[in-house]
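**Student:** Please find one structure pasted underneath; my questions will follow.
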Amino acid sequence: MKKAASLLLSASLLFPFATLSHAADGLTYQEAINKALGVSNQVKNTELDIERKLEDVQKSADNIRFMPAEASASPEGDQAFTAYIARGVAYDTSKQSLTTQKDTIAYDVRKAYNKILQEQEKKKFADLSEQNARTQSQIAFLKQQAGMAGKLEADRSEKLYAAEQKNNAVNETNLNNAYEAFNQLLKLDPKERPVLEERPEYKPLGKVDVEWHIARVNKENPTLFQADKGIDLARLDIDLYDPQRSDTTYRAKKIDIEKAKTGYSIAKEGTEQAIRDIYANIRALEEQHKALEANLAVAQDAVHLAQVQFDVGIGTKADLEAAELKVAELKQKQFEIIVNHDNLVQAFNKPWVLASGGGAQK
């Protein structure tokens, strides 16, 4: 027996993390994102599309004999050059589409990951609320039995307890739904309940030069890149315009350029306004977080006082539970703010994920 114990001790020293094997199976944000990207048919299809379009670019490059600056006497030469440019734009656009897809998947996975954490906190609070309601119901029943309270109070407490039980069941359903939505993104079995290793860290943005941030984001925005390439193609049509070979007018081609420019402006203005709105929502959440911190400090003092009173016999367990429930409620609300803040910060840095279906939060 001593020998077996010695072997177990030696094993624990040699492999100090062996007892954490279950936790090691959990998912970090990045691991979840990587898994979702790895199983995404959309990403795989776009990657294949990029390969295919690169073949087209290389093929069209072989057909170029010269690089015209305007319409030339060789229709074939102009067409070959136009095809080369158009296919190059299509290739570059597909690469930007892949960036958008990957960023959107990363955002959706993190948001779904956070949703599970959010629902877990709501479930914890719902459990405490149900427990508190049960205690209050039992107290009301005992008071009624002792003639210290009427049937009306006892019935009311019983109904409140029943309501909390139903609310808790709803929270259980919401938690299961959050898991299923997350599992769908990672193509896991709907019944799986993966361990989530991380929690969002609250880092206030504080005051930010929003206009500078907008300028930086615009340079990286794949949506604007694609719109800008549309302008380039429209200009190429003008440069190589030949009324003898074209099925439309020069004026129509000029209108196409204006339409492309307008499309770019619409995308740019929409992105810039989205960033401003997101930043305003982030700042509002940060102010709410400050207020909650102050309220939480007061509630924690109330718990300390209720504990002291309970320990010396001048307070009741019900009073202590009620004070603890208030702290739990504020912590749950605080975590909800932290989650929403985290989601918005992701969108603030890469607003194109919202245009791709991520959705904004307030």
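**Student:** Is it true that residue 103 is modelled with pLDDT under 90, in a helix (DSSP H, G or I) and either surrounded by 18 or more Cβ atoms within 10 Å (Cβ to Cβ) or of a type in the set (Asp, Glu) (or both)?
**Tutor:** Details: modelled with pLDDT under 90: no; in a helix (DSSP H, G or I): yes; either surrounded by 18 or more Cβ atoms within 10 Å (Cβ to Cβ) or of a type in the set (Asp, Glu) (or both): yes.
Here the answer is no, as residue 103 does not meet what is asked.
**Student:** Which members of the stretch 297-354 meet the condition of being of a type in the set (D, E, K, R) and touching an Asp or Glu at 6+ places or on another chain (Cβ under 9 Å)? Even if it seems obvious, please write down each step before you answer.
**Tutor:** Filtering the stretch 297-354 for residues of a type in the set (D, E, K, R) gives 301, 311, 317, 319, 321, 324, 326, 329, 331, 333, 336, 342, 350.
Those that are of a type in the set (D, E, K, R) and touching an Asp or Glu at 6+ places or on another chain (Cβ under 9 Å): 331, 336, 342, 350.
**Student:** In addition: Pairs, please: C-beta under 6 Å, at least 6 apart or cross-chain, first residue modelled with pLDDT under 75 and in the stretch 68-89, second exposed (fewer than 13 other Cβ atoms within 10 Å of the Cβ)?
**Tutor:** The qualifying pairs are 75/245; 77/65; 77/66.
**Student:** Look through 323, 280, 294 and report the one residue that is in contact (Cβ under 8 Å) with a residue 24 or more places away in the chain and over 16 Å from the mean Cα position of the chain (by Cα).
**Tutor:** 323
**Student:** Within the stretch 162-205, which residues are closer than 21 Å to residue 102 by Cα, part of a loop (DSSP other than H, G, I, E, B) and free of Cβ contacts under 8 Å to residues at least 12 places away in the same chain?
**Tutor:** Within the stretch 162-205, 188 is the sole residue that qualifies.
**Student:** Something else: Any chance the stretch 17-29 includes a residue that's assigned to a helix (DSSP H, G or I) and modelled with pLDDT of 65 or more?
**Tutor:** yes
**Student:** If you don't mind, there's one more thing I want to ask. Considering 113, 161, which residue is under 30 Å from residue 225 (Cβ atoms) and of a type in the set (Ser, Thr, Tyr)?
**Tutor:** Details: 161 fails: under 30 Å from residue 225 (Cβ atoms).
The match here is 113.
**Student:** Another one. Return yes or no: is residue 304 in contact with a His (Cβ under 9 Å, 6 or more places away or on another chain) and of a type outside the set (A, V, I, L, M, F, W, C)?
**Tutor:** On the way: in contact with a His (Cβ under 9 Å, 6 or more places away or on another chain): no; of a type outside the set (A, V, I, L, M, F, W, C): yes.
The answer is no for residue 304.
**Student:** Restricting the search to the stretch 189-214, which residues are of a type in the set (A, V, I, L, M, F, W, C) and farther than 25 Å from residue 126 by Cβ?
**Tutor:** Let us first name the residues in the stretch 189-214 that are of a type in the set (A, V, I, L, M, F, W, C), namely 195-196, 205, 208, 210, 212, 214.
Selection gives 205, 208, 210, 212, 214.
**Student:** Right, next: Does any residue of the stretch 179-195 turn out to be touching a helix residue (DSSP H, G or I) at 6+ places or on another chain (Cβ under 9 Å), of a type outside the set (Phe, Trp, Tyr) and within 25 Å of residue 324 (Cα to Cα)?
**Tutor:** The answer is no, given that none of the residues of the stretch 179-195 is touching a helix residue (DSSP H, G or I) at 6+ places or on another chain (Cβ under 9 Å), of a type outside the set (Phe, Trp, Tyr) and within 25 Å of residue 324 (Cα to Cα).
Table: residues versus (1) more than 30 Å from residue 212 (Cβ to Cβ); (2) crowded, with 17+ Cβ neighbours inside 10 Å.
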{"residue": "305", "(1), (2)": "yes, no"}
{"residue": "309", "(1), (2)": "yes, no"}
{"residue": "315", "(1), (2)": "yes, no"}
{"residue": "323", "(1), (2)": "yes, yes"}
{"residue": "335", "(1), (2)": "yes, yes"}
{"residue": "339", "(1), (2)": "no, yes"}
{"residue": "342", "(1), (2)": "no, yes"}
{"residue": "346", "(1), (2)": "no, yes"}
{"residue": "349", "(1), (2)": "no, no"}
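**Student:** If residue 288 satisfies every condition in (1) farther than 30 Å from residue 84 by Cα; (2) at pLDDT below 90; (3) of a type outside the set (A, V, I, L, M) but one, which is the exception?
**Tutor:** Unmet for residue 288, out of (1) farther than 30 Å from residue 84 by Cα; (2) at pLDDT below 90; (3) of a type outside the set (A, V, I, L, M): (2).
The values are calculated or read from the model by the stated rules, or taken from the named source; none is laboratory data. None of these values were measured; they are calculated from a predicted model. Cβ sites come from the backbone with ideal geometry, for glycine too, and all protein chains shown count toward neighbours.
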